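Report on the following structure.
The values are calculated or read from the model by the stated rules, or taken from the named source; none is laboratory data. What you are looking at is a predicted structure, and each value in this text was computed from that prediction instead of being measured. Positions of Cβ are backbone-derived with ideal geometry, glycine not excepted, and every protein chain shown enters the neighbour counts. Surface areas here come from the heavy atoms of the whole protein model, side chains and all, with no ligands, DNA or RNA. Shrake-Rupley method; radii C 1.70, N 1.55, O 1.52, S 1.80 Å.
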Amino acid sequence: MKLRKLNAGCGNNLRKGFLNIDVIPPYDMKVDLDKMPYPFKENSFDYIIMDNVLEHIDKPVSCLEELHRICSPRGEIEIIVPFYNSPNAFRDVTHKHFFNLDSFNYLDFDCKERRYNPSSKRFKIKKNLHPSSIGRFIPKPILNICALSIGNLAAAITFKLQP
């Protein structure tokens, strides 16, 4: 069986073996990720990557709900975003949202503390903080704590979501 893969918001990074979608060429298919619903059937993809795109989306929760809908139940959605206190987060004037390690907690199946429900969709979530060139000298458990209050220790976060 062939793995069905989507590169959502591909930019100039066209991935071989993926359906590359974006609003600005080059792309395989023009899709505006701010317009719901996306033009795909439920469970269309086994793997979805969104690399440095979610911070540009008007309604990130709606986008995540659509990704949940089009991802197969055993699939994976990988989202990479700049860390909120990294210079990368503020370098681009088109960034609309900022993320830290807890940003997706309310969408996590295992979240014990829910003050409100931004969505009925839930994911199993794994998080990985990517150190900056300075932060790479700090052991990971300490980095995860220090990066919250000391800027430029972390460059990005990868969230791996499973519906």
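Quick look at the numbers
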quantity: Residue list for segment 106-163, filter: outside any strand (DSSP E or B) and of a type in the set (Gly, Ala, Ser); calculated: 119, 120, 132, 133, 135, 147, 149, 151
quantity: Residue match in segment 107-120 (condition: small (Gly, Ala, Ser), at negative phi and touching a His at 6+ places or on another chain (Cβ under 8 Å)); calculated: no
quantity: Residues (within 18 Å of residue 88 (Cβ to Cβ), under 14 Å from the mean Cα position of the chain (by Cα) and touching a residue at least 40 places away in the same chain (Cβ under 8 Å)) located in segment 115-154; calculated: 129, 130
quantity: Hits in segment 50-75 - residues which are closer than 15 Å to residue 3 by Cβ and either touching a Leu at 6+ places or on another chain (Cβ under 7 Å) or in a helix (DSSP H, G or I) (or both); calculated: 70
quantity: Answer residue from segment 14-35, given it is within 19 Å of residue 62 (Cβ to Cβ) and touching a residue at least 24 places away in the same chain (Cβ under 8 Å) and is most open to solvent (accessible area, probe 1.4 Å) among those; calculated: 34
quantity: Qualifying residue in segment 104-123 (condition: open to solvent by less than 50 Å² (accessible area, probe 1.4 Å) and at pLDDT 95 or above); calculated: no
quantity: Where residue 78 falls short, out of the listed (1) touching a residue at least 40 places away in the same chain (Cβ under 8 Å); (2) part of a helix (DSSP H, G or I); (3) among the charged types (D, E, K, R); calculated: (2)
